[in-house]
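For reference, the structure is listed below as structure tokens.
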Amino acid sequence: MINQKSIKDIKKLGIKIDHDMAFGGKSKGNKHLSRAVKIARFLAFKAKANIKIVESGAWLHDTALPTGDDYNYDKNKKIVMKLLSSINISKSDQILIAECVASHEGREDPKTLEAKIVHDADVIEKLGILGIIRHTWKLTNLNEINSEMITDDDVKKVLSHINWRNKRLQTRLAKKIGKYLNIKVSKNEAKNIISVTSKLAFNGVTTEKIARVLHRSLNNKNKEMLEEQLKLSYLNKFT
């Protein structure tokens with residue numbers, strides 16, 4: 001059974017890996033995990049899912065990042081099962097949490113409601129302006145784009161990934177939220193956001209700080225949406 005101590009231990013483990021081990025520590029201080037957990041808990045409450053499994057999976061969903069590849073379902077599952085062996089919870093709960101982590105990137109269809117919710121929480125974090133920032137940050141730190149020269153192909157790569165993930169949303173409420181968040185930006189706007197983000201990401205600046213830099217150059221609509229994403233205030237529209 002998952003109790004509050006288990007959740008606390010899982011949270012501590014997830015944050016340590018995300019901040020200290022993933023991307024050589026460059027993401028230290030970013031708020032993605034805490035936002036993803038809040039979104040996941042919100043979706044879980046609305047769907048009457050197992051909130052403790054969802055919260056645990058959300059805290060741990062990025063634990064494969066230190067390997068440089070968090071898209072492999074089987075590898076993700078093995079990694080998180082090994083990590084969970086140090087936490088005092090049942091084997092059945094470990095398996096349910098591992099499913100949330102293993103399928104969070106959408107390459108495999110999530111097999112449980114809780115896994116669908118963790119997947120959707122991560123997708124919601126990757127939509128709109130914040131999504132462009134987050135995916136550009138990731139690609140930059142995986143050396144998949146050159147921060148000194150952003151090409152049209154780079155822009156296409158970022159936007160195509162976000163569009164693909166949006167189409168993979170699993171739950172009805174998440175789809176509604178996704179439709180609200182996934183505002184359209186022109187290719188020129190996207191290229192500017194990606195160029196600024198990539199340069200700052202290369203120098204170890206977190207997504208939240210990058211968002212504050214970009215905020216000044218966005219139009220009023222996009223500024224408001226980015227603020228809603230950072231504060232999660234848009235969730236109030238779906239209560």
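Quick note: the coordinates plus some simple rules give every number you see, no bench work behind them. What you see is a predicted model; the values in this text were computed from it and never measured. Cβ: placed from backbone, ideal geometry, glycine included. Neighbour counts: every protein chain shown.
Within 10 Å, at most 10 other Cβ atoms, and a DSSP state outside H, G, I, E, B define an exposed site. Report the longest part of the chain free of exposed trypsin sites (Lys or Arg not before Pro).
Longest gap between qualifying sites, sites excluded: 49-183.
For Cα pairs less than 8 Å apart in space and 6+ apart in sequence, what is the mean separation divided by the residue count of the range 126-238, i.e. the relative contact order in percent?
Worked out over the range 126-238, it gives 40 percent.
Please identify, among S34, S90, S56, the residue showing maximal mean-square fluctuation in a Gaussian network model of the chain using a 10 angstrom Cα cutoff.
Of S34, S90, S56, the Gaussian network model singles out S90 as fluctuating most.
Here are some values of percent of Cα pairs over 28 Å apart: (1) 32; (2) 27; (3) 57. Which one was computed from this structure?
(2)
For a quick check: sort L60, L200 by the number of other beta carbons within 10 angstrom, fewest at the front.
On the way: L60 28, L200 21.
So the ranking, lowest neighbour count to highest, is L200, L60.
With the contact rule set at Cα under 8 Å and sequence spacing of 6 or more, what percent relative contact order holds for the chain? Don't skip to the end; give the middle numbers.
On the way: 324 pairs, mean separation 48.0, N = 239.
Relative CO of the chain lands at 20 percent.
Is the range 126-238 best put as rounded, prolate or oblate by its Cα gyration tensor, with a ≥ b ≥ c the root eigenvalues, rounded for a/c under 1.5, and otherwise prolate when a/b is larger than b/c, oblate when not? Could you put the intermediate results ahead of the total?
On the way: a/c = 1.85, a/b = 1.42, b/c = 1.31.
Since a/c reaches 1.5 and a/b is larger than b/c, the shape of the range 126-238 is classed as prolate.
Which of the GluC sites (Glu not before Pro) found in the range 1-105 are in a DSSP loop and have at most 15 neighbouring Cβ atoms, other than their own, within 10 Å? Walk me through the numbers on the way to the answer.
Numbers: sites: E55, E99, E105; in loops: E105.
Hits after loop and neighbour filter: nothing returned.
From the square roots a ≥ b ≥ c of the eigenvalues of the alpha-carbon gyration tensor of the range 74-166, which class results: rounded (a/c under 1.5), prolate (a/b over b/c), or oblate? Intermediate values should be presented prior to the final figure.
On the way: a/c = 3.09, a/b = 2.07, b/c = 1.50.
Because a/c hits 1.5 or more and a/b exceeds b/c, the range 74-166 counts as prolate.
What are the membrane-span-like helices in the chain by this rule: whole DSSP H runs, Cα extent along the axis at least 15 Å, mean Kyte-Doolittle hydropathy at least 1.6? Please list the in-between numbers first.
Numbers: long enough: 4-16 (18 Å, -0.80); 32-47 (22 Å, 0.52); 73-84 (16 Å, -0.48); 91-102 (16 Å, 0.66); 113-124 (16 Å, 0.60); 128-141 (20 Å, 0.21); 152-167 (22 Å, -1.37); 187-202 (22 Å, -0.07); 220-231 (17 Å, -1.93).
Correct list, ordered by number: empty.
Magnitude of the Cβ-charge dipole of the chain, K/R +1 and D/E -1, about the Cα centre, nearest 20 debye?
On the way: 45 positive and 27 negative charges, 152 e Å.
Dipole magnitude for the chain comes out near 740 debye.
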